[in-house]
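Inspection log for the structure reproduced underneath, given as structure tokens.
No lab work stands behind these numbers, since they all come straight from the coordinates. Just so you know, these numbers come straight off a predicted model, no measurement behind them. Backbone-built Cβ (ideal geometry, glycine too); neighbour counts: all protein chains shown.
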Amino acid sequence: MALTVFFVRHGYAENNRDGLFPNDVENEYKLTEKGLEQAKEAAEFLLNTKAEAIFSSPIYRAYQTAKIIGEKLSLEVVKDERLREVELGNLRNKSTKEIFEKDPEWFMEYFNSETVYGLEKYQKIRERMLDFVKDTFEKGYTKVIAVSHLEPIRALLTLPLNINGKEVRKIEIQHASISTMRFEDPDLKEIRILSVGCVPLNRFLHDANNFSKK
């Protein structure tokens, strides 16, 4: 029997508002009011999925998102280290704007052998995410929710697409959006992407309306 996973990126958090690479070693970034509202909308969106369990990154902004969803769906959140944020090395707590201005292709270190910033490699990110999926499959689940972060979700989505490097950056995953994947066999040889970065319709219309006013 196949496994469907609804991957949810955490809601908009304090580090996103402040334009910082997160330093999860020293800080617990909370969801902003906007992020809390996004998490509630995601919970409504997921209400009829018949998910059997919800798993979350232990990082607070993700766990906070998962708790809101779990309460709506009457599911207890299970923390899983494999869903955690990527290791950002010495980019922690740095301004995203300043790093992009200084080095527009800093993210290529995810894919090459360089260690300038000390970033976790995409191969390693994919391995831990796949290990989570395989473990979940072996436990007999058929539908679960997994709350994680941008790059771990991207790393998994781009695997069946066989893309790396700059092409990965084209995969847009908004805060508290839902990306759905279906794994057909326990060896994970057949992976289907059902949706990428879905958001509730009212939020989509709100964002589209704001964009049209610019």
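Structural remarks
- Residues whose amide H lies under 5 Å from that of Asp80, counting only those 5 or more places away or on a different chain, are Ser56, Ser57; hydrogens are built 1.01 Å from N in the peptide plane.
- Calculated [222 nm] ellipticity per residue, helices only, for the chain: -11500 deg cm²/dmol; basis is -39500 (n - 2.57) per DSSP H run with n ≥ 4, divided by all residues, nearest 500.
- Proximity of backbone amide H atoms, modeled 1.01 Å from N, is registered between Gly197 and Ile178, Ser179, Thr180 at under 5 Å, excluding neighbours fewer than 5 places apart on the same chain.
- Across all directions, the shadow cast by the convex hull of the chain built on its C-alpha atoms averages 11.9 square nanometres.
- Pairwise FRET efficiency - Thr115 versus Lys50, Cβ, R0 = 41 Å, nearest 0.05: 0.40
- With 24 Å as the limit, the listed pairs Lys67/Lys170; Lys30/Lys94; Lys34/Lys124; Lys72/Lys94; Lys97/Lys170 have Lys67/Lys170; Lys34/Lys124; Lys72/Lys94 beyond it between alpha carbons.
- Amide H contacts of Lys143 (H built 1.01 Å from N, in plane; Pro and chain starts excluded): Thr4, Glu52 sit under 5 Å, all sequence-distant by 5 or more or on other chains.
- Mean Cβ count within 10 Å, highest first, over the residues of peptides 124-133, 7-16: 7-16, 124-133
- Residue-wise HN-Hα coupling along segment 27-32, computed from phi with Karplus coefficients 6.51, -1.76, 1.60 (Hz; x: Gly, Pro): 10, 10, 6, 8, 5, 7
- Inter-label distance, Val25 to Lys166: 3.2 nm, where each label sits 7 Å from its Cα along the C-beta direction.
- Residue-wise HN-Hα coupling along segment 132-142, computed from phi with Karplus coefficients 6.51, -1.76, 1.60 (Hz; x: Gly, Pro): 4, 5, 4, 4, 5, 4, 5, 7, x, 5, 10
- Spin-label model distance (nm) - Lys72 vs Lys139, 7 Å beyond Cα toward Cβ: 2.2 nm
- Peptide ranges 65-78, 163-176, 139-152 listed from the most packed, as the mean C-beta count within 10 angstrom indicates: 139-152, 65-78, 163-176
- Karplus-derived HN-Hα couplings along segment 113-120 (A = 6.51, B = -1.76, C = 1.60, θ = phi - 60°), whole Hz, x at Gly and Pro: 8, 5, 9, 4, 9, x, 6, 5
- Global geometry of segment 76-118, whether rounded, prolate or oblate, following the gyration tensor of its Cα atoms and the 1.5 cut on a/c: prolate
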